[in-house]
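K.L.:
One structure, as structure tokens, below. Some questions next.
The values are calculated or read from the model by the stated rules, or taken from the named source; none is laboratory data. Remember, predicted model here, so these are calculated numbers, not experimental data. Here the Cβ positions follow ideal geometry from the backbone for every residue, glycine too, while neighbour counts run over all protein chains shown.
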Amino acid sequence: MAQVTITGTIKLIGKTQDVSASFKKRELIITEPSGQRPQHIPVEFTQDRTSLLDSFKPGEEVSVTCYVNGREWAAKDGTMKYFLSLSGNRIERQGAAAPAAGGYQAAPPPTAADMPPVGGDEDDLPF
């Protein structure tokens with residue numbers, strides 16, 4: 001599993017969503033300056049990592065360490081689709097706004113338990 005670090009400004013912190021009785025997620029949108037067109041990058045925090053976002057707010061400069069996940073999905077017509085997602089693992093403030101103690105919060109790498117349940121859903125969308 002590849003690991004990347006994204007540095008930018010928090011644009012949005014979503015609410016924690018209980019997808020099922022055993023799976024929850026929370027989305028973070030980071031705006032990364034990239035030439036003339038800034039990139040708005042969604043990062044998904046799951047399970048106990050959702051609470052890592054509690055002390056952050058939009059407008060803060062942060063650095064987020066993520067795992068790149070790739071998935072294969074078969075549509076009802078048999079065609080194969082491929083998706084990428086970023087799973088947030090660590091977030092830390094950048095610059096002078098960083099707290100003196102505990103500049104970042106970390107969690108262990110994601111496991112199979114962090115992935116959403118497969119099947120059993122009437123919706124044919126893969127996410």
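K.L.:
Of everything in the stretch 1-37 that's touching a residue at least 12 places away in the same chain (Cβ under 8 Å) and not in a strand (DSSP E or B), which residue is nearest to residue 87 (Cα to Cα)?
P.N.:
Going residue by residue through the stretch 1-37, those that are touching a residue at least 12 places away in the same chain (Cβ under 8 Å) are 1-14, 16, 19-20, 22-33.
Adding the requirement that they be not in a strand (DSSP E or B) leaves 1, 14, 16, 22, 33.
Working: 1: 11, 14: 14, 16: 14, 22: 17, 33: 20 Å.
Taking the candidates together, the pick is 1.
K.L.:
Counting just the residues of the stretch 9-40 that are among the aliphatic types (A, V, I, L, M) and modelled with pLDDT of 95 or more, which one comes out surrounded by the most Cβ atoms within 10 Å (Cβ to Cβ)?
P.N.:
The extreme case among them is 28.
K.L.:
Sticking with this structure for a sec: Name the one entry in 63, 34 that is over 15 Å from the mean Cα position of the chain (by Cα) and among the small types (Gly, Ala, Ser). Before you say what the answer is, go through the steps one by one.
P.N.:
Values: 63 fails: over 15 Å from the mean Cα position of the chain (by Cα).
Exactly one of 63, 34 is over 15 Å from the mean Cα position of the chain (by Cα) and among the small types (Gly, Ala, Ser), namely 34.
K.L.:
Output the residues belonging to the stretch 56-87 that are free of Cβ contacts under 8 Å to residues at least 24 places away in the same chain and either buried (at least 18 other Cβ atoms within 10 Å of the Cβ) or of a type in the set (Gly, Ala, Ser) (or both).
P.N.:
From the stretch 56-87, those free of Cβ contacts under 8 Å to residues at least 24 places away in the same chain are 70, 72, 74, 77-80, 82, 84; that's our starting set.
Those that are free of Cβ contacts under 8 Å to residues at least 24 places away in the same chain and either buried (at least 18 other Cβ atoms within 10 Å of the Cβ) or of a type in the set (Gly, Ala, Ser) (or both): 70, 74, 78.
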